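Asks: Below you will find the structure I want to go over with you.
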Amino acid sequence: MIPFLDLKAAYHVLASELDEAVLRASRSGQYIGGAEVKNFEALYASYVGAKNCVGAGNGLDALILALRALDIGTNDEVIVPSHTYIATWLAVSAVGATLVPVEPASGRYVLDSFDIAPHITSRTRAIMPVHLYGIPVDIEGICSLARQHNLYVIEDAAQVHGATVNGRKIGSHGDAVVWSFYPGKNLGALGDGGAVTTNNDDLAQRIRMLANYGSEVKYYNLERGINSRLDPIQAAVLSVKLKYLDQWNMRRQEIAQRYQAAFAGLPLDLIDVPQHVSAVWHQYVVRTPKRDDLQTKLTRAGIETLIHYPVPPHLQQAYADLNVRIALPVATRYAKEVLSLPISPHLATDSVEKIITAVRRYFGG
Ligand SMILES: *Cc1c(COP(=O)(O)O)cnc(C)c1O
């Protein structure tokens, strides 16, 4: 069986370095904050080219912290993609703001400024683009649209560690750029983790304060904050894994190129990556109305696949009370048609070839 994602394999490749990092953090006696967290924050800020990086407990908290730190809440509208992981939506709901879901153009997976512009109203406060599947959005276009309308841009960058647009890394275009270090992400911890990167020093300081009980000086609380901090053991792990991120992303790109070339003639909708961006292929997604049958046949051939995502946010029970029951046909159709093939950096070349053969055979190729 070819597993969809073998996290154990990723651990074993770096086992001695990771074990050493975990031991160092364990022996430090500093179990909240401290040198390991500071060190990773500095490394990651420098890697993505941002002035500040503030660690958080996970990606969802980091999204909520960014929204709160920008004072977005009740009566504010926030533009989100209809086709995304539900965390993007949950963060907006958590601060009491109104979700304004926007569909990508048919056949595309991420939002463009053209998709977003018609949805801006006098109540819009922020745009939350999602760099889905490791494919960066046209962040320059979106930021310039936001500037014209005096809106914040909060990027959901949970799937795009290391990607670039016109040669510049994702990490400092928007007002706040939000990261998840969930184990399966391109840069994943051995547990939960998250962060916000930003060039805005005041914003970084407020996020750090909100993430730490609303406190800057112990036992003195300026605001009603939460407790959501990056764990020092996870920070130590992430500092090790960051060194390998580019190399691992390159392996993902190599596999994606091989898939793109091998599937080009098939009746499959492939992701079209614009020339000026470098995608980091968090997922390799194909689309076909025969999705369920293709998945069954691949499972029989010993290939594990996943669906990102089987139920779109607007059709989740969690949003059964969505005041406007909006029709979102693109997101609805994608949930029935998308299929993610294995693309981890540790996927062996013969497994890649086996997957290609099985997919081509399915379509009689
Ligand atoms: C993983 C993910 C998140 C949430 O991250 P957690 O660390 O799991 O809370 C948010 N948005 C997107 C698009 C994600 O893929």
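Asks: Between Arg147 and Ala320, what is the FRET efficiency for a Förster distance of 22 Å, r being their Cβ-Cβ separation, to the nearest 0.05?
Replies: Calculated value: 0.05.
Asks: Which one of Leu187, Leu63, Leu298 has the biggest mean-square fluctuation once the chain is modelled by GNM with Cα springs under 10 Å?
Replies: Of Leu187, Leu63, Leu298, the Gaussian network model singles out Leu298 as fluctuating most.
Asks: I would also like to ask the following. Using a simple spin-label model with points 7 Å from Cα along the Cα→Cβ vector, what separation in nm is obtained for Ser106 and Thr296?
Replies: 2.7
Asks: Distance from a point 7 Å along Cα→Cβ of Arg168 to each backbone N in the stretch 26-55: keep the residues under 17 Å and list them by number.
Replies: Those under the cut-off are 45-52.
Asks: Among all the lysines, which ones have a C-alpha under 22 Å from Lys169's C-alpha, if same-chain residues fewer than 8 places away are not counted?
Replies: The qualifying lysines are Lys38, Lys51, Lys185, Lys241, Lys243.
Asks: Is the chain best put as rounded, prolate or oblate by its Cα gyration tensor, with a ≥ b ≥ c the root eigenvalues, rounded for a/c under 1.5, and otherwise prolate when a/b is larger than b/c, oblate when not?
Replies: oblate
Asks: Next question, about the same structure. Roughly what would the spin-label model give for Val22 and Thr357, points 7 Å off Cα along C-beta, in nm?
Replies: For Val22 paired with Thr357, the spin-label model returns 3.6 nm.
Asks: So what is the 222 nm mean residue ellipticity for the chain from helices alone, if each DSSP H run of at least 4 adds -39500 (n - 2.57) and you divide by all residues, rounding to the nearest 500 deg cm²/dmol?
Replies: Calculated from helices alone, the mean residue ellipticity at 222 nm is -12000 deg cm²/dmol.
Asks: Which one, Ser144, Ser340, Ser278, has the greatest fluctuation when you compute a Gaussian network model over the chain with C-alpha springs under 10 angstrom?
Replies: Top of the fluctuation ranking is Ser144.
Asks: Lysines near Lys354 by alpha-carbon distance under 19 Å, same-chain residues fewer than 8 away left out - which ones?
Replies: Lys297
Asks: Could you give me the ³J(HN,Hα) list for the stretch 8-15, computed from phi with Karplus coefficients 6.51, -1.76, 1.60 and θ = phi - 60°, whole Hz, x at Gly and Pro?
Replies: Once rounded to whole Hz, the list reads 5, 4, 4, 5, 4, 4, 10, 3.
No value in this document is a laboratory result; all are computed from the given coordinates. Note that this is a predicted model, so its numbers are computed, not measured. Glycine gets a Cβ as well: all are built from the backbone with ideal geometry, and neighbour counts include every protein chain shown.
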